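The values are calculated or read from the model by the stated rules, or taken from the named source; none is laboratory data. Here the structure is a predicted model, which is why all the values come from computation and not from measurement. Cβ: placed from backbone, ideal geometry, glycine included. Neighbour counts: every protein chain shown. Please note that ligands, DNA and RNA were not included when accessible areas were found on the heavy atoms of the full protein model with its side chains. Shrake-Rupley method; radii C 1.70, N 1.55, O 1.52, S 1.80 Å.
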Amino acid sequence: MNKQIASIVIVGGGTAGWMTAAAVSKHFQSKNISVKLIESSQLGTIGVGEATIPTLRRFYAKLGLSDIEVIRATNATCKLGIEFKDWHSQGRSFIHPFGLYGQNANNIAFHHYWLKLRQQGDPTDIADYSLGVNLAKQNKFCLPSPKPSSSLEIFDWALHFDATAFANLMRNFSLANKVEVIDNKITQVDLNNNDGSIGSLQLENGETVSADLYIDCSGFKGLLIEGALQTGFEDWSEWLVCDRAVAIQSKSTCLPIVRTISQAKTAGWQWKIPLQHRQGNGHVYCSQYLSEDEATQSLLMDIEGELIGEPRHFSFVPGRRKQAWNKNCIAVGLAAGFLEPLESTSIALIETAIDKIILSFGSLSYGQKEINRFNEVTQLEYERVRDFIILHYKANQRHGFPLWDYCRQMPVPDKLENKMRLFKNKGILERYPWEIFGADSWLAIYTGFNYLPDVYDMNVNHTNEKTIKKNLDDVRNAISRMADSVPDHAEFLKKFCGYSPNF
Ligand SMILES: Cc1cc2nc3c(=O)[nH]c(=O)nc-3n(C[C@H](O)[C@H](O)[C@H](O)COP(=O)(O)OP(=O)(O)OC[C@H]3O[C@@H](n4cnc5c(N)ncnc54)[C@H](O)[C@@H]3O)c2cc1C
């Protein structure tokens, strides 16, 4: 039997809680639904999560917020992709751009033409055929053309932002949409006797709060979904071996770059996230191979600017909640699962969860059908992102480091193994339903790790070799000319987003 909803309580006021509150309150604006959010300023939020992927821009656009508005409010910089330093092997680096490579021709994907020339000895890097990579390397930025004259002009972008400022932006939006906020600690979650669903929440101040639907955004602990409902957790640490992180902010020492830096280290990797007013730095590592002190030392040694505050330490188990929606409780954000920060997918998974909540509530009721569908899709989204991240570890050639040797040799999930085999044997980039990352993202990682097929689509041979060579030269030159005409990222930020360097 379907259950009616007239009230929603969101537990948690981190990025997940406030993004959910903003979108849900907008969705139910004209309906008679009360939305409350409980947060605890005493407990605070995780306070990291500052690199995003382009889906974020679609999320806030649906709320009616413009890019410039968000950049200004969150001291953000633009992000064209991630540079992976030393991931393939020491001294080699590549960029995963939010954009395309080359131009398909005769219904054949571009990379097959590139593969053919490469197999004949042409050393040109596939990166030279990507406008996104060209711009990212040179720290240039402009808004993509809304009406590109060819696919060569297509690239996408995301933000590096101040997570607290972004949560505040979402908070203000939610409050304007009549979300009621309660700042208090939940001390007890009571279950209904009849069906074991969430009945009410006891607060430290003695109040009791109840609702028809609970959205658990309480962070890693999953106060409702796990603490009360004991939903269960699927542990993925056999493939995603990093389980700790240390993070610290520092003052900027140079103009902000237009990409995230991810640098492989002995037993993990370090990030650099440039904001307008400071830089975020972190080291994600595996506690089996590196101590907290060693990880912190390694991080601090690589930071040029003056440190802001003290290093903060995080411990996590990569995986996902077995059911993101259990009875009358939906988990969003870290309460639903966490893989690891590589590829900045956590906030994107918050967005997809919110999209599904909104889709599930076209009317003001839900039943088992909506719950099952939500859980099925969530599982696929998490697994697809998991596999994409695993590929970064599996394909490494960092011989002689126990973590990297383990990752190179570990068996990977079946779907990923099939995907990798299909690319290696046939050069095919297969895309499964509910994948967040498209074919060109997979291509960026395969080629960045030099994981290349020995074959290419034979239909390429219908075009004579000289023509292929000329076409590829033309593409490369056109991209290089386009990149030359684009201003510096810092100029863009100064002109439109109020940026003024503070170093
Ligand atoms: C090291 C690290 C780096 C990351 N980097 C990225 C990144 O670059 N990009 C990205 O997309 N994601 C990243 N993430 C993930 C990202 O930080 C989170 O997805 C995001 O911040 C959402 O967190 P949250 O809102 O689910 O949880 P939290 O921020 O932990 O919020 C939980 C909320 O619940 C409240 N709460 C908890 N218990 C109670 C209680 N008993 N009573 C009342 N309130 C309570 C807390 O006060 C808080 O308001 C990273 C994560 C880690 C660990």
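Check which residues have an amide H placed less than 5 Å from Lys185's amide H, if you skip close sequence neighbours.
Residues meeting the criterion, in which the H sits 1.01 Å from N, are Glu204, Asn205.
Lysines near Lys469 by alpha-carbon distance under 20 Å, same-chain residues fewer than 8 away left out - which ones?
Lys116
Find the all-direction average of the projected area of the Cα convex hull for segment 115-159, expressing the result in square nanometres with one decimal place.
It is 4.2 nm².
What's the FRET efficiency of Gln138 with Lys469 using the Cβ-Cβ distance as r and R₀ = 45 Å, to the nearest 0.05?
Using R0 = 45 Å, I get an efficiency of 0.95.
Please give the calculated 222 nm ellipticity per residue for the chain, where each DSSP H segment of at least 4 residues contributes -39500 (n - 2.57) and the sum is spread over every residue; nearest 500 deg cm²/dmol?
Using -39500 (n - 2.57) per qualifying helix, the result is -11000 deg cm²/dmol.
May I ask you to give the solvent-accessible area per residue for segment 34-157, in square angstrom, as obtained with a 1.4 angstrom probe?
Computed with neighbouring chains in place, this is 40 Å² per residue.
For the chain, give the share of DSSP beta bridges that are antiparallel, in percent and rounded to the nearest 5; count only bridges with both residues there.
Bridges in the chain that DSSP calls antiparallel: roughly 75 percent.
Taking N as the number of residues in segment 1-106, what is its Cα Rg relative to 2.2 N^0.38 Å?
Normalised Cα radius of gyration, segment 1-106: 1.52.
Name the residues whose placed amide hydrogens come within less than 5 Å of the amide hydrogen of Ser7, ignoring near sequence neighbours (fewer than 5 apart) on the same chain.
Ser34, Asp212, Leu213
What is the percent carbon and sulfur in the accessible area of segment 79-218, measuring with a 1.4 Å probe over the protein chains and ignoring ligands?
Looking at segment 79-218 in its full context, I get 44 percent from C and S.
Apply the Karplus curve 6.51 cos²θ - 1.76 cosθ + 1.60, θ = phi - 60°, to the phi angles in segment 313-324 and return the couplings in whole Hz, x for Gly and Pro.
In residue order, the calculated couplings are 10, 10, 10, 8, 10, x, x, 9, 5, 4, 10, 6 Hz.
Based on the alpha-carbon gyration tensor of segment 180-255 and its eigenvalue square roots a ≥ b ≥ c, which shape applies: rounded if a/c is under 1.5, prolate if not and a/b is larger than b/c, or oblate?
oblate
Normalise the Cα radius of gyration of the chain by 2.2 N^0.38 Å (N = residues in it) and let me know the number.
1.00
Can you compute 3J(HN,Hα) from phi for each residue in segment 364-380, using the Karplus curve 6.51 cos²θ - 1.76 cosθ + 1.60 with θ = phi - 60°, rounded to whole Hz and x for Gly and Pro?
Each residue's phi maps through the Karplus curve to give 9, 8, 8, x, 4, 4, 5, 4, 4, 4, 4, 5, 4, 5, 4, 4, 5 Hz.
Which whole-number value in Å² is the accessible area per residue of segment 314-410, probe 1.4 Å?
Accessible area per residue, segment 314-410: 31 Å².
Cross-link candidates for Lys26: which lysines have Cα within less than 25 Å, leaving aside residues fewer than 8 places away along the same chain?
Leaving aside lysines fewer than 8 places away in the same chain, those within reach of Lys26 are Lys3, Lys36, Lys62, Lys178, Lys327, Lys356, Lys369.
Got a sec to turn the phi values of segment 167-180 into Karplus ³J(HN,Hα) couplings, 6.51 cos²θ - 1.76 cosθ + 1.60 with θ = phi - 60°, whole Hz, x for Gly and Pro?
Taking θ as phi minus 60°, the curve returns 4, 5, 4, 5, 4, 4, 4, 5, 5, 5, 9, 6, 6, 8 Hz for segment 167-180.
If I histogram all Cα-Cα distances within segment 251-335 using bins 5 Å wide from 0, what percent of pairs lands in each bin?
3, 12, 20, 17, 15, 12, 10, 7, 4, 1, 0
Accessible area of segment 351-428 with a 1.4 Å probe: how many percent of it is carbon plus sulfur?
54 percent
Would you please give the residues with an amide H less than 5 Å from that of Asp156, counting only those at least 5 places away or on a separate chain, with H modeled from the backbone geometry?
Result for Asp156 returns Phe98, Gly99.
Give me the net charge of Trp87's neighbourhood, meaning all other residues with Cβ under 11 Å from the Cβ of Trp87; Lys, Arg count +1, Asp, Glu -1.
Every neighbour counted, the sum reads +2.
Placing +1 on the Cβ of each Lys and Arg and -1 on the Cβ of each Asp and Glu in the chain, which of Leu201, Gln138, Asn2 has its Cα farthest towards the positive end of the resulting dipole?
The listed residue farthest towards the positive side: Gln138.
Excluding the sites themselves, what is the longest stretch of the chain that contains no trypsin sites (Lys or Arg not before Pro) in a DSSP loop with at most 16 other C-beta atoms within 10 Å?
The longest uninterrupted stretch comes out as 323-430.
Cross-link partners among aspartates and glutamates for Lys470, C-alpha distance below 20 Å, same-chain residues fewer than 8 apart left out?
Asp122, Asp125, Asp128, Glu153, Asp457
Suppose a student asked you for the relative contact order of segment 102-259, using Cα pairs under 8 Å spaced at least 6 residues apart; what percent would you report?
So the answer I get is 14 percent.
If packing is taken as the average number of other Cβ atoms within 10 Å across a peptide's residues, how do 358-368, 150-160 rank, most packed first?
For the peptides 358-368, 150-160, the packing ranking is 150-160, 358-368.
What relative contact order, as a whole-number percentage, does segment 393-503 give when Cα pairs under 8 Å and 6 or more residues apart are counted?
Worked out over segment 393-503, it gives 18 percent.
What is the packing order of peptides 196-209, 120-133, taking the mean over residues of other C-beta atoms within 10 Å and listing the highest first?
Listed from highest to lowest mean packing, they are 120-133, 196-209.
Before anything else, pin down the relative contact order of the chain: Cα pairs under 8 Å, at least 6 apart, normalised by residue count, whole percent.
After rounding, I find 22 percent.
Taking all protein chains in place and a 1.4 Å probe, what share, in percent, of the accessible surface of segment 263-344 do carbon and sulfur account for?
Reported share for carbon and sulfur atoms: 47 percent.
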